[in-house]
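See structure below.
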Amino acid sequence: MPRVKSSRNSPNKSPIPQGKAGVVRIISGQWKGRKLPVRDLDGLRPTTDRVKETIFNWLAPHVRGTRCLDLFAGSGGLGLEALSRYAEQVTLVEMDKGAADQLKKNLVALGSQQGSVIQADAVNWLQGPATPFDLVFLDPPFRRELLPQVCELLEQRGWLAPDALIYLEREKEMADLALPASWQLLKDKQAGQVCYQLYLRNTQNDTAI
């Protein structure tokens, strides 16, 4: 059993209407039901509550006390949900300054000392000094071919703990995605045109989570 302690831009999910306030809702944990404002960005597509609920059902025994990375944080829906479920520390990386500033405000509103926001390009940031994470959320902008490079950097540059779990969200039509050989598929599901999967780093005999 492994010990485990995303901007989301795509036409495949309904973007937040321009000129209107968006919100992200925390579905469980210490801040269950809290709604937080989301920066109004063209094409921003926060992970839906339905998909988020499935993800965190998969991860339910493995979030508390872990170090998490939400690499393309966007609305922060995944990283904030992990914090609500008592992750030890969550790093949210977001390139857009306005979205990053809103994430910082939301952490203040929650009174969280365990979350930190880094405004940076994900690919460039991953080429810097690494600290291993137990759980990584990858939900990059669609149709920009970011996943192969990002996954390789995570694996090769020391960003993943030995038994890290990696959540990956991608467009359905992205076939034959090259992933590190040590990543073992645990869960695989589809919602509309979006595929979402959970991987375990390092192949082990017991794949159940």
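The values are calculated or read from the model by the stated rules, or taken from the named source; none is laboratory data. Fair warning: this is a prediction, and the values are worked out from it, not measured in the lab. Every residue, glycine among them, receives a Cβ derived from its backbone with ideal geometry; neighbour counts consider all protein chains shown.
Quick notes on this one:
- Scanning the stretch 63-79 for any residue that is modelled with pLDDT of 95 or more, out of contact with any Leu (no Cβ under 8 Å at 6 or more places or on another chain) and within 14 Å of Asp139 (Cβ to Cβ) turns up at least one such residue.
- Among residues of the stretch 56-79 being of a type in the set (Gly, Ala, Ser) and closer than 18 Å to Ala161 by Cβ, the one that is surrounded by the fewest Cβ atoms within 10 Å (Cβ to Cβ) is Gly65.
- Scanning the stretch 185-209 for residues that are modelled with pLDDT of 85 or more and either at positive phi or surrounded by fewer than 16 Cβ atoms within 10 Å (Cβ to Cβ) (or both) turns up Leu185, Asp188, Lys189, Gln190.
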